[in-house]
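In what follows, a structure is listed as structure tokens, so that the remarks can point back to it.
The values are calculated or read from the model by the stated rules, or taken from the named source; none is laboratory data. None of these values were measured; they are calculated from a predicted model. Backbone-built Cβ (ideal geometry, glycine too); neighbour counts: all protein chains shown.
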Amino acid sequence: MRDGRGEARVEEFASALRELKGRTPHSYETLAARLDISRSALHRYCSGKAVPPDFGTVELLARQCGAGRDELTELHRLWTLASEPPSPHPERAPDPESEPEPQPVSGPGDTGAVGYAGDTGDTGEEPNAATAASRPRRGLWIVAAVVVAAVIAATLAWASFGDGKDGAAADDRLLFSAECRDPVHIGQEDECVREVQQLLSDAGATIGIDGIFGPETLRRVEAFQVRAGLAVDGIVGDDTKRALYAGKVSMTTWDEKRVTDRIRKVFAEDPETAVRIARCQSRLDPLYVLPNVDGSRNWGVFQISDARLRDLRGTPAQALDPEWNIRAAHRLWSQKEDFSHWPHCLSAIVGDGEGDKDGREKGAEKDGKGGRDEAEAGQDRGTEAP
């Protein structure tokens, strides 16, 4: 059960969806058909009774309603807040009166005082000559060590910065400058984001360079992290920055025609349906990554989920390889010789009894462009994506 703050966030998100829906003359039924979800699910999202389990549904609705990049970024922020589970109640702070009182520190002259080894306070006896002679020498060694450490630190600092010229190479990397010292993340709009987008483009990614860290940039960053062998979190931290500047990761992949031709060849039994399923799932983009609320992701042309990857003994890196992805999808198809692993895109193509079939087919071809294989809110997501 959500608290008052959680309910407010859900209502703010739902209000944004209602505002989008109000821009179009379409009914809930028509929009739902184009989103590959039921009319009742869309109505629950807009009324605040449920939150879409993945942002792909929100993104597709926004594009149907003519939303721009700025609005998409804001919608992602609202969806993230609305999707957060209720926070647990904070632990009660301990009662100050129950805290133990600090114990007084005994001075050198106190009875029973505990001193350091070798201190005359231990036994009351005078130290022997060897111990007394070692103390000043030990003190000199400590002073010398401190001086040497200071000299080394000063030398390293001078080598790094010098007169301002030696450190110029590091300063030229914008993402490591003071302006971009913090990690670059979703919702950010500045030159740091533009630099990330430019570096991704230089690596071969298809991406707009506008300085806005929206869903498209998030997908490209996550795909880059997979190919670079980094932890996938969609945040451009120091490791991702270094990998971007190293220029060793290629983001080039197949174009739409090559993907389409390969699908038709592999799915010889029903090539056109396979192409339409893939178009609905990923826009035929081999590097399409769709995050889910539970932290899992769907990958590649046929949006194969983390759970299904484990069944196929595959990895995200393999799933972003279009050849592997298409063949893996065909293996899933071969289990029943149908497309039941992609129920929502399938229903959008062949019709599921809700709405008119032709409208669904047109919506799937023209507008069904996201990872649509997510269950409606509250529905069992055991087969959320193949």
When you scan region 250-269, do you find a residue that is in a loop (DSSP other than H, G, I, E, B) and among the acidic types (Asp, Glu), even just one?
yes
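Among the candidates Arg194, Arg220, which residue alone is of a type in the set (Lys, Arg) and crowded, with 22+ Cβ neighbours inside 10 Å?
Numbers: Arg194 fails: crowded, with 22+ Cβ neighbours inside 10 Å.
When all the criteria are applied, what remains is Arg220.
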Check Val293 against each of (1) surrounded by fewer than 20 Cβ atoms within 10 Å (Cβ to Cβ); (2) under 18 Å from Gln225 (Cβ atoms); (3) aliphatic (A, V, I, L, M) and name the one condition it does not meet.
(2)
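Given the structure, is Gly164 outside any helix (DSSP H, G or I) and either touching a strand residue (DSSP E or B) at 6+ places or on another chain (Cβ under 8 Å) or modelled with pLDDT of 60 or more (or both)?
Working: outside any helix (DSSP H, G or I): yes; either touching a strand residue (DSSP E or B) at 6+ places or on another chain (Cβ under 8 Å) or modelled with pLDDT of 60 or more (or both): no.
Taking the combined requirement at face value, the residue does not satisfy it.
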I need the full set of residues from region 263-290 which are of a type outside the set (Ser, Thr, Tyr), crowded, with 18+ Cβ neighbours inside 10 Å and over 14 Å from Trp333 (Cβ atoms), in order please.
Arg279, Cys280, Leu284, Asp285, Pro286, Leu287, Val289, Leu290
Positions within region 22-40 being in contact with a Gly (Cβ under 9 Å, 6 or more places away or on another chain) and either more than 12 Å from Gln64 (Cα to Cα) or part of a loop (DSSP other than H, G, I, E, B) (or both), in sequence order
Arg23, Thr24, Glu29, Asp36, Arg39
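Among the residues that make up region 1-21, is at least one of them of a type in the set (Gly, Ala, Ser), in a loop (DSSP other than H, G, I, E, B) and out of contact with any Cys (no Cβ under 8 Å at 6 or more places or on another chain)? Write out each step before concluding.
Looking only at region 1-21, we keep the residues that are of a type in the set (Gly, Ala, Ser), and these are 4, 6, 8, 14-16.
Now drop any that are not in a loop (DSSP other than H, G, I, E, B), which leaves none.
Scanning region 1-21, I find no residue that is of a type in the set (Gly, Ala, Ser), in a loop (DSSP other than H, G, I, E, B) and out of contact with any Cys (no Cβ under 8 Å at 6 or more places or on another chain), so the answer is no.
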Would you please name the residue that is farthest from Met251 (Cα to Cα), looking only at residues in region 213-231 that are assigned to a helix (DSSP H, G or I) and among the aliphatic types (A, V, I, L, M)?
Leu218
Looking at Glu29, Glu59, Glu71, Glu7, which is the one that is surrounded by fewer than 20 Cβ atoms within 10 Å (Cβ to Cβ) and closer than 27 Å to Glu189 by Cβ?
Glu71
